[in-house]
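These notes concern the structure reproduced below.
The values are calculated or read from the model by the stated rules, or taken from the named source; none is laboratory data. Quantities reported herein were computed from a predicted structural model and do not represent experimental measurements. Positions of Cβ are backbone-derived with ideal geometry, glycine not excepted, and every protein chain shown enters the neighbour counts.
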Amino acid sequence: MQTATTLDMLRNVLAGLRSGGGSVALVPTMGALHEGHLTLVREARKACDHVVASIFVNPTQFGPNEDLDAYPRQLVEDSKILEAEGVALLWAPGVEAMYPAGCATSIRVNGVSDNFCGAARPGHFEGVATVVCKLFNQVMPDKAFFGEKDYQQLAVIRAMARDLNLACPHARDIVGVPTVRESDGLAMSSRNRYLSPEDRTNAAALPRAMQAAVAAIEAGGNVGETLDALERTLLESGFSSVDYAALADAQSMAPIASYSSAPARLLVAARIGGARLIDNLPVDRTK
């Protein structure tokens, strides 16, 4: 595996990879890799000839009181993991390479980014959309792979690629990979390491409560009452607060007050211990 830390290095290595032909997949990450990230890499390897993984802790998607400084960084360990998984190129820029002096452009994707994490974390999705657009333009991948755990993020990225007519990758080539979960159902996340043993045990209430809510909604239960019950369950199970528990259209991310049958997504963000956990599940009465 080759590693690039500057744009010139990145372009030189990519030119070498492409000289022999074959397709290129991109797996963007912020590092602190776990099995969820590695699942993305494995899916990318199945789909393309060469896999490029990026590791960049993007400061523009963190708010002033969020965990940018504390976010885990383990580039050496992550590099070894990616090499063992058959990644051809690691793109690991510093902040100065990604945002050179004078950088003054950002991207906002209206609509899909307005609610949920967009409302709870002002500026977050502008940072996400901007850095992902830059990664796409830097690597020019044939396909890009993202985890469905960050479902609203995936919707924002797809909308951004569609609206800006990105060619590499096309919006249709932005691949969502189902959430990878621990044995108790908790979605894998780099932030799970912030949890104490007690909080980690209690956190398993999140996927259980969400599964019960999905079943209730698909059975015709009242959406508002079901979401209220989900929030109460989390607070009774050790969560300190719930940023949101919502049902949304699976593509537009528009909130749904009364469910019929169109594909939807149950979205939750809740705080426990030192972590803010997010998760989502599909809701589809026609399945």
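For Glu225, indicate whether it is more than 24 Å from Glu182 (Cβ to Cβ), not assigned by TED's automatic domain parsing to the domain that holds Asp114 and not polar (S, T, N, Q).
yes
Filter region 202-215 for residues that are in a helix (DSSP H, G or I) and touching a Leu at 6+ places or on another chain (Cβ under 9 Å) and give the result.
The answer is Asn202, Ala203, Ala205, Leu206, Pro207, Ala209, Met210, Gln211, Ala212, Ala213, Val214.
So which pairs qualify, if the first residue must be in region 119-135 and over 19 Å from Glu96 (Cβ atoms), the second must be at pLDDT below 95 and not charged (D, E, K, R), the Cβ gap must be under 6 Å, and the two must be at least 6 apart or on different chains?
Close Cβ pairs (under 6 Å, with a partner that is at pLDDT below 95 and not charged (D, E, K, R)) amount to Arg121/Gly63.
Can you pull out every residue in region 55-66 that is touching a residue at least 24 places away in the same chain (Cβ under 8 Å), surrounded by fewer than 19 Cβ atoms within 10 Å (Cβ to Cβ) and of a type outside the set (A, V, I, L, M, F, W, C)?
Listed by number, the residues that qualify are Pro59, Thr60, Gly63, Glu66.
Please state which one of Val41, Val131, Val52, Val109 is assigned to a loop (DSSP other than H, G, I, E, B), surrounded by 20 or more Cβ atoms within 10 Å (Cβ to Cβ), among the hydrophobic types (A, V, I, L, M, F, W, C) and not assigned by TED's automatic domain parsing to the domain that holds Ala275.
Val109
Could you count how many residues in region 190-215 are in contact (Cβ under 8 Å) with a residue 12 or more places away in the chain and farther than 30 Å from Val57 by Cβ?
Result for region 190-215: 6.
Among the residues of region 149-163, how many are surrounded by 20 or more Cβ atoms within 10 Å (Cβ to Cβ), farther than 13 Å from Val128 by Cβ and out of contact with any Asp or Glu (no Cβ under 9 Å at 6 or more places or on another chain)?
Number of matching residues: 0.
Within region 66-91, which residues are small (Gly, Ala, Ser) and not in a helix (DSSP H, G or I)?
The answer is Ala70, Gly86, Ala88.
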